[in-house]
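Data block below; observations after.
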Amino acid sequence: MLKKEGETRIPAGCAISGFINRSGRRTNGSVIVNSIACMHDRSNGLGGGYAGYGIYPEYKDQYAFHVFYDSNEARIKTEAFIDRHFDVINLSRIPTRKHPNITDEPLIWRYFVNPLPTKLQESQLDERTYVARCVIKINDKIDGAYVFSSGKNMGVFKAVGYPEDVGEFYRLDEYDGWAWTVHGRYPTNTPGWWGGAHPFALLDYTIVHNGEISSYDANRRFIEMFGYKCNLLTDTEVITYIIDYLNRRLGMPLEDVAKVIAAPFWSEIDSGRFSPEEVEKLRHFRNVYSSLLITGPFSIILGFNNGIMALNDRLKLRSMVAAEKGDTVYVSSEECSIRTMSPDVDRIWSPRGGEPIIVTLDK
Amino acid sequence: MAINYLNPLFEVVRNPDRCIKCRVCERQCANEVHHYDPDLDRMVADETSCVDCQRCVTLCPTRALKIRPNENQFRENGNWSQQIMDEVYKQAGSGGVLLSAMGNPREYPVYWDKILLNASQVTNPPIDPLREPMETKTFLGKKDQSIHYDENGKAVYEKNPYLELDVPIMFSAMSFGSISKNAHETLARAAQELGTYYNTGEGGLHKDFYKYGANTICQVASGRFGVFKEYLDTGAAIEIKMGQGAKPGIGGHLPGMKINEEISKTRMIPKGTDAISPAPHHDIYSIEDLRQLVLSLKEATNWEKPVIVKIAAVHNVAAIASGIARSGADIIAIDGYRGGTGAAPTRIRDNVGIPIELALASVDQRLRDEGIRNNISVVVGGSVRCSADVVKAVALGADAVYIATAALLAMGCHLCRSCNTGKCNWGIATQRADLVKRLNPDIAYKRLVNLVHAWDHEIKEMMGGMGINSIESLRGNRLMLRGIGLTQKELDILGIMHAGE
Ligand code: SF4
Ligand code: SF4
């Protein structure tokens with residue numbers, strides 16, 4: 001029997017794409033669906049998904065949980081857990097449209113919640129850590145339940161299928177967001193579990209990733225010391241946790257996060273290119289955060305509460321192109337997909353390995 | 001005259017057609033096996049004291065010599081092997097404890113040889129170390145990850161003392177006394193050239209070698225020989241020796257006959273007296289005492305140097321390591337039961353302790369389970385024999401390895417396992433001036449540098465094959481390992497899957 005995601009590690013190749021509008025102008029989800037459709041050949045129909053930011057303005061202060069259930073029992077158990085820890089403001093099934101290529105769908109529910117103040121206080125955790133812990137707990141402990149999106153004013157939509165079909169299935173033309181990312185997957189083998197599709201998300205961090213990291217188990221065994229559970233055994237999951245740990249928990253700005261996970265080579269550090277102070281910092285980073293260095297090919301787009309970051313591995317072993325048009329920045333595995341979103345961009349370039357592109361909303 | 005029950009272990013085979021009676025073997029053999037018989041006009045051998053060090057074989061100009069195991073056999077017995085019977089005869093004759101040298105030679109499983117490495121195919125490209133940067137630089141020490149940013153966005157962080165290694169390989173403790181001054185010089189110069197460290201062992205540091213201080217780890221052992229302020233200040237790190245893989249639970253004994261002028265000065269003990277290291281440190285009877293010693297040594301050196309605590313791999317090594325990780329020490333060195341020694345009671349060497357592979361796997365996992373792996377770096381030794389062992393050790397979770405036997409081999413040691421006799425024909429484990437001068441540090445240090453460079457190159461090849469271009473991404477990366485021919489229990493302890501899974 002084929003093992004599902006989380007029971008075994010499944011290598012995959014992929015396509016990714018995304019864009020952000022700096023001034024916060026919201027764009028319809030159909031744009032991102034078109035951008036991935038043109039890279040059809042980079043996926044193989046075994047997984048696709050999207051992250052949209054700014055899509056729930058009416059519930060922007062609540063955590064939006066998107067959950068897959070294998071059964072009604074799992075749903076009842078999970079809802080009991082959610083009720084014990086959160087105040088549920090709204091719940092419903094996520095609206096979908098029947099699609100001939102999307103089959104075997106689980107139950108897909110959405111909850112807008114606030115942490116219960118008493119529980120939160122009792123836990124002695126800050127609010128986001130509390131929410132993250134609850135999500136990790138559901139995913140780890142409740143069989144057949146999987147929270148695949150848990151941030152504020154954002155949401156992940158994913159399924160087994162070609163990404164363009166997944167977009168239609170979730171009716172993304174009914175959502176508008178200031179940033180979107182998408183992922184089309186080419187796993188080498190998988191029985192097709194919906195939770196295994198990307199993006200992977202924790203709170204408002206989402207990651208779409210193309211590549212297969214060779215540092216996986218070094219990263220996993222290290223990050224699991226800090227309360228994370230890598231249940232899916234996927235790269236995206238561990239990268240998300242690393243970013244959550246460095247950025248949210250240690251308070252490291254994303255520029256520095258990139259210097260940890262795609263650290264410059266020693267030959268660059270010693271090349272005289274950096275100021276002595278910067279060299280000192282880079283050396284320190286490579287010493288103390290060494291287990292969080294990610295090696296092997298990857299290109300990722302990280303979405304977060306007010307922006308996106310695109311990053312290539314330090315050898316640039318995966319393609320990634322970036323472009324700019326007015327106040328919108330595009331990133332994609334291939335130029336063609338950027339051209340579908342914006343045929344005549346102002347500037348298009350290929351970012352260097354290890355050099356992050358960080359774009360945030362103008363204040 | 002009493003009967004000598006002992007048979008020579010070896011037989012000297014000399015090809016009379018080749019031998020030109022140059023008498024090189026006679027001059028080279030400190031055990032006085034060979035001599036020239038003028039009456040017979042030929043070379044003869046008394047094999048009773050031959051240790052198979054291969055010195056004569058290597059130096060014979062006509063390749064006339066071979067040393068073979070003695071074919072003479074006791075009546076075969078599956079239970080009473082010839083070796084065990086010999087040992088009984090020996091003890092019946094001497095009434096003493098059996099002594100041995102070098103690591104446990106018995107045929108216990110070598111787990112390194114039951115672990116296979118991964119390589120990339122298709123989904124993830126292998127990396128060519130000749131074309132792309134491939135990094136093996138390693139830092140050892142506590143890794144405090146807390147950081148904050150001041151109002152200008154400048155990162156503010158605390159730096160803990162650390163060791164910086166250009167290769168994840170260091171030379172482990174061998175004291176001046178157990179090995180010769182030339183051997184020490186060889187280690188020191190090689191460490192300096194390689195950008196790594198050697199270790200003084202428990203015998204102090206010879207004045208001539210203070211100049212290699214930046215590449216020296218100064219050991220503090222239970223005998224405290226040669227330990228004083230300047231010694232501690234000179235080294236790059238301080239190692240507290242709690243135990244040794246070859247003889248866990250046992251101290252050390254350097255006989256007075258080896259304590260010559262220079263060793264006496266270095267060890268700070270009178271010439272000709274026995275140097276006895278007690279089994280325990282008499283100021284450490286528990287973990288809280290260890291903490292005090294760690295902190296006192298740090299205090300004595302202005303909190304500038306990392307402190308290593310070295311222990312032997314014993315049954316509850318994981319719990320001990322967890323205690324050490326909370327003791328304030330920066331690095332833990334674990335020595336496996338195959339680790340070498342200049343002299344150890346045979347029964348201890350061959351029966352006490354556990355394999356380093358299993359000890360490492362359980363220590364690394366335990367420290368992670370407790371969330372304290374960052375508190376301390378893990379260095380393993382005893383025995384690491386080649387670059388593949390290094391790669392496997394790092395993938396199991398080690399930060400770096402200690403090598404000693406392999407380093408001595410590079411200098412010419414042939415593992416005759418008779419260091420305890422003080423008559424090392426290769427000038428390594430001896431203090432006899434005529435023997436010591438056989439080891440030329442100018443040549444030997446280059447051989448040692450070659451060895452480590454070769455390993456480093458091989459490590460990079462193997463890493464590149466796995467698609468890893470920096471050693472830190474290999475550390476603890478057990479998914480890169482598979483067991484072969486191991487039981488589920490062994491796999492569980494090693495934390496790896498079986499080949500084919
Ligand atoms: S060294 Fe070789 S050739 Fe010379 S005497 Fe000995 S056995 Fe004969
Ligand atoms: S150091 Fe010398 S005495 Fe010891 S095993 Fe090696 S060759 Fe023999």
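Computed values, structure above
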quantity	calculated
Filter result for B:ASN425 (open to solvent by less than 10 Å² (accessible area, probe 1.4 Å), out of contact with any Pro (no Cβ under 8 Å at 6 or more places or on another chain) and within 16 Å of ligand 1 (Cβ to nearest atom))	yes
Failed item in (1) under 17 Å from the mean Cα position of the chain (by Cα); (2) open to solvent by 10 Å² or more (accessible area, probe 1.4 Å), with B:GLY245 passing the rest	(2)
All positions within segment B:427-446 that are farther than 17 Å from B:GLY177 by Cβ and either within 10 Å of ligand 2 (Cβ to nearest atom) or touching a Gly at 6+ places or on another chain (Cβ under 8 Å) (or both)	B:LYS437, B:ARG438, B:ALA444
Single residue of segment A:248-287 satisfying the filter (among the aromatic types (Phe, Trp, Tyr) and assigned to a helix (DSSP H, G or I)) that is nearest to the other protein chains (Cβ to nearest Cβ)	A:TRP266
From the options B:LEU290, B:LEU297, residue that is closer than 23 Å to B:TYR402 by Cα and touching a His at 6+ places or on another chain (Cβ under 9 Å)	B:LEU290
Among (1) modelled with pLDDT under 95; (2) in the same structural domain as B:ASP330 (by TED's automatic domain parsing), the one test that B:GLU158 misses	(2)
The one condition in (1) within 23 Å of B:GLY422 (Cα to Cα); (2) within 10 Å of ligand 1 (Cβ to nearest atom); (3) open to solvent by 50 Å² or more (accessible area, probe 1.4 Å) that B:ASP46 fails to fulfil	(2)
Any helices (runs of 4 or more DSSP H) falling wholly within segment B:401-483 and containing at least 1 residues that are closer than 30 Å to B:ILE493 by Cα	B:405-411, B:441-465
A:ASN210 more than 9 Å from chain B (Cβ to nearest Cβ) and in contact with a Cys (Cβ under 8 Å, 6 or more places away or on another chain)	yes
Test: residue in segment A:296-318 that is more than 11 Å from chain B (Cβ to nearest Cβ), open to solvent by 10 Å² or more (accessible area, probe 1.4 Å) and in contact with a Pro (Cβ under 7 Å, 6 or more places away or on another chain)	no
Matching residues, segment B:156-166, being in a loop (DSSP other than H, G, I, E, B) and at the interface with chain A (Cβ under 10 Å from one of its Cβ atoms)	B:TYR157, B:GLU158, B:LYS159, B:ASN160, B:TYR162, B:ASP166
Which numbered condition A:LYS98 misses (of (1) open to solvent by 40 Å² or more (accessible area, probe 1.4 Å); (2) in contact with a strand residue (DSSP E or B) (Cβ under 7 Å, 6 or more places away or on another chain))	(2)
Hits in segment B:208-228 - residues which are at pLDDT below 95 and open to solvent by 10 Å² or more (accessible area, probe 1.4 Å)	B:SER222, B:GLY223, B:ARG224, B:PHE225, B:VAL227, B:PHE228
Criterion (without any contact (Cβ under 8 Å) to a residue 60 or more places away in the chain, among the hydrophobic types (A, V, I, L, M, F, W, C) and in the same structural domain as B:GLU304 (by TED's automatic domain parsing)) met by exactly one of B:ILE403, B:ILE332, B:ILE376, B:ILE356	B:ILE332
Hey, B:VAL394 hydrophobic (A, V, I, L, M, F, W, C), more than 16 Å from ligand 2 (Cβ to nearest atom) and buried (at least 24 other Cβ atoms within 10 Å of the Cβ) or not	yes
Residue that is farthest from ligand 2 (Cβ to nearest atom), among those in segment B:397-407 that are open to solvent by less than 10 Å² (accessible area, probe 1.4 Å) and among the hydrophobic types (A, V, I, L, M, F, W, C)	B:ALA398
Residue list for segment A:235-276, filter: in contact with a helix residue (DSSP H, G or I) (Cβ under 7 Å, 6 or more places away or on another chain), under 29 Å from B:ARG131 (Cβ atoms) and of a type in the set (Lys, Arg)	A:LYS259
Checking A:PRO351 against (1) outside any loop (DSSP other than H, G, I, E, B); (2) more than 26 Å from A:ALA218 (Cα to Cα), the condition it does not meet	(1)
Selection from segment B:124-155 of residues that are among the small types (Gly, Ala, Ser) and either open to solvent by 40 Å² or more (accessible area, probe 1.4 Å) or facing chain A (nearest Cβ under 7 Å) (or both)	B:SER146, B:GLY153, B:ALA155
Hits in segment B:110-123 - residues which are under 23 Å from the mean Cα position of the chain (by Cα) and surrounded by fewer than 20 Cβ atoms within 10 Å (Cβ to Cβ)	B:VAL110, B:ASP113, B:LYS114
Meets criteria (part of a loop (DSSP other than H, G, I, E, B), outside the structural domain of B:CYS419 (by TED's automatic domain parsing) and more than 16 Å from ligand 2 (Cβ to nearest atom)) for B:ARG63	yes
Flag for B:ASP39 being within 14 Å of ligand 1 (Cβ to nearest atom), loosely packed, with under 12 Cβ neighbours inside 10 Å and not in a strand (DSSP E or B)	no
Some residue of segment A:109-121 being open to solvent by less than 10 Å² (accessible area, probe 1.4 Å), out of contact with any Cys (no Cβ under 9 Å at 6 or more places or on another chain), hydrophobic (A, V, I, L, M, F, W, C) and under 30 Å from A:MET320 (Cα atoms)	no
Hits in segment B:85-109 (condition: surrounded by 11 or more Cβ atoms within 10 Å (Cβ to Cβ) and without any contact (Cβ under 8 Å) to a residue 12 or more places away in the chain)	B:MET85, B:VAL88, B:GLN91
Residue that is nearest to the other protein chains (Cβ to nearest Cβ) [pool: residues in segment A:218-247 that are assigned to a loop (DSSP other than H, G, I, E, B), over 17 Å from A:TYR130 (Cα atoms) and touching a residue at least 24 places away in the same chain (Cβ under 8 Å)]	A:LEU233
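Condition check ((1) assigned to a helix (DSSP H, G or I); (2) within 16 Å of ligand 1 (Cβ to nearest atom); (3) of a type in the set (D, E, K, R)) across all residues:
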{"position": "B:ILE67", "(1), (2), (3)": "no, yes, no"}
{"position": "B:GLN83", "(1), (2), (3)": "yes, no, no"}
{"position": "B:ARG106", "(1), (2), (3)": "no, no, yes"}
{"position": "B:GLN145", "(1), (2), (3)": "no, no, no"}
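The rows are residues; the columns are (1) hydroxyl-bearing (Ser, Thr, Tyr); (2) away from every other protein chain (no Cβ under 14 Å); (3) at negative phi.
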| site | (1), (2), (3) |
| --- | --- |
| B:ASP330 | no, no, yes |
| B:ILE334 | no, yes, yes |
| B:PRO355 | no, yes, yes |
| B:GLY382 | no, yes, no |
| B:ALA400 | no, no, yes |
| B:ALA407 | no, yes, yes |
| B:CYS419 | no, yes, yes |
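The values are calculated or read from the model by the stated rules, or taken from the named source; none is laboratory data. Computed from a prediction, not measured in an experiment: that's the story for all the values here. Counting neighbours? That spans all protein chains shown, and the Cβs are built from the backbone with ideal geometry, glycine included. Calculation scope for accessible area: heavy atoms of the full protein, side chains included, ligands and nucleic acids excluded. Shrake-Rupley method; radii C 1.70, N 1.55, O 1.52, S 1.80 Å.
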